[in-house]
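Asks: Got a structure for you, questions after.
The values are calculated or read from the model by the stated rules, or taken from the named source; none is laboratory data. This one's a predicted model, so the numbers in the text were calculated from it and none came from an experiment. Positions of Cβ are generated from backbone atoms using ideal geometry, with glycine treated the same way; all protein chains shown enter the neighbour counts.
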Amino acid sequence: MVKRLLDCNTTDFKTMNKKEIINSIKASEGRVIVSEIIGAVSPLLHDISNAELAAAFGADRLLLNMLDLYIPVFYGLQKNNPDKIIKEIKELTG
């Protein structure tokens with residue numbers, strides 16, 4: 001039996017495949033919050049990224065819109081290493 005998305009933690013997501021994640025969302029019965037983040041925009045709060053802010057307010061999934069993976073720009077991150085932007089966002093938001 002698959003866990004509901006709301007009951008999963010970071011280690012659960014690392015072991016899930018695409019089908020398991022979709023089934024986990026279905027098992028949550030519509031109670032999943034997705035937040036669209038545009039990283040090329042200045043953060044609403046100067047000390048944290050918009051991704052961290054959305055996660056702090058309960059977003060279960062983050063949709064990174066307008067993120068060019070060839071030339072990544074994401075404002076508000078402490079480390080500005082283009083090769084590890086996705087990894088840093090994952091670490092900061094869980």
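Asks: Given the options TYR75, TYR70, name the one that is touching a residue at least 24 places away in the same chain (Cβ under 8 Å), of a type outside the set (A, V, I, L, M, F, W, C), surrounded by fewer than 16 Cβ atoms within 10 Å (Cβ to Cβ) and over 18 Å from VAL32 (Cα atoms).
Replies: TYR75
Asks: I want to confirm something. Restricting to region 29-50 and keeping residues that are within 25 Å of ARG4 (Cα to Cα) and part of a loop (DSSP other than H, G, I, E, B), which single residue is nearest to the chain's Cα centre (by Cα)?
Replies: Selected residue: ILE33.
Asks: Also, quick follow-up: If you go through region 27-43, how many residues are at pLDDT 90 or above and either touching a helix residue (DSSP H, G or I) at 6+ places or on another chain (Cβ under 6 Å) or basic (Lys, Arg) (or both)?
Replies: Total satisfying the criteria: 3.
Asks: Looking at ALA59, ALA54 in this structure, which one is touching a strand residue (DSSP E or B) at 6+ places or on another chain (Cβ under 6 Å) and not in a loop (DSSP other than H, G, I, E, B)?
Replies: Testing whether each residue is touching a strand residue (DSSP E or B) at 6+ places or on another chain (Cβ under 6 Å) and not in a loop (DSSP other than H, G, I, E, B) leaves just ALA54.
Asks: Please work out if LEU53 is under 28 Å from LEU6 (Cβ atoms) and modelled with pLDDT of 90 or more.
Replies: So LEU53 fits the description; yes.
Asks: Looking at (1) modelled with pLDDT under 90; (2) outside any loop (DSSP other than H, G, I, E, B); (3) among the basic types (Lys, Arg), which is the one condition that is false for LYS19?
Replies: (1)
Asks: Restricted to region 1-16, and to residues that are part of a loop (DSSP other than H, G, I, E, B) and touching a helix residue (DSSP H, G or I) at 6+ places or on another chain (Cβ under 9 Å), which residue is modelled with the lowest pLDDT?
Replies: MET1
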